[in-house]
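Working notes for the structure below.
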């Protein structure tokens, strides 16, 4: 009888520092046990987006494995924070999304948010090894564009009729920051290659930092995107689920920009809407409550041009809060 070979990873990969982000402790423990069994000694854990970002800022992990769904902020928010926040030490940090949803819809939303790769639950040692090998050996250019910041979503170099990485007519061009291959150099054990890759990475990070949008530009982009998405959801039924999930990132952008020009209740409505979109992985809850959130947010976005929309927004926000208080726990 033939025995199944044990799953292994090359010796050099054992130097990698991996951060596991999941609000469920036993999931973190399971992934950590797999990584430790493979020989990786530097494994950190976080139970929330804020805790994870703090670890990224202080310990500089090489790769992040994050859950998609968490009660206090989803994995997409963490990806957005890594890619665009001024305090992010490495916007090109590889992020593998752990998710129970492997549908084309979820993969597309994740890639558009800047996810490096996906790992569909339940995880296994073999799949984790595949992802680690792929992240290290197939580093892609980092794309900086008006509508996207993250690894090049194109995985092959075959010619295409239209290069969609580049901006539409009238927009600024796209910058492709070439791979530094630092992780590949590190796992190879070649110190000269490591030093060269570090110099290349420093140059890449400097370029990425210079292209970070300001708060005003970020807010305007988020306003425009959310306005279009809200109109789509309120007038159509065929793309509702994917459009709603796609709101997670622009909502985070709006919060990151400060929302200083929005009505006072905006922060509460945005946080409440984010919670609905990220909790439980389902959008089939109270559709009336969802509609109220969208109407309130649309009024808030229009308040600068139409002053009476502030009153409408505040009234809708109050109704949302009344419904939330009356909801049985």
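See the values below:
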read-out	value
Positions within the range 202-237 being under 30 Å from residue 40 (Cβ atoms), more than 19 Å from the chain's Cα centre (by Cα) and surrounded by 18 or more Cβ atoms within 10 Å (Cβ to Cβ), in sequence order	204
Residue check, residue 241 under 23 Å from residue 153 (Cα atoms) and not assigned by TED's automatic domain parsing to the domain that holds residue 136	yes
Answer residue from the range 93-109, given it is closer than 23 Å to residue 35 by Cβ and in contact with a helix residue (DSSP H, G or I) (Cβ under 7 Å, 6 or more places away or on another chain) and is modelled with the lowest pLDDT among those	99
Spans of helices (runs of 4 or more DSSP H) in the range 40-116 with at least 2 residues under 19 Å from residue 255 (Cα atoms), touching a strand residue (DSSP E or B) at 6+ places or on another chain (Cβ under 9 Å) and not assigned by TED's automatic domain parsing to the domain that holds residue 142	none
Residues located in the range 303-319, provided they are in contact (Cβ under 8 Å) with a residue 40 or more places away in the chain and not in a helix (DSSP H, G or I)	303, 304
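The values are calculated or read from the model by the stated rules, or taken from the named source; none is laboratory data. What you see is a predicted model; the values in this text were computed from it and never measured. Note: ideal-geometry Cβ built from the backbone for every residue, glycine included; neighbour counts use all protein chains shown.
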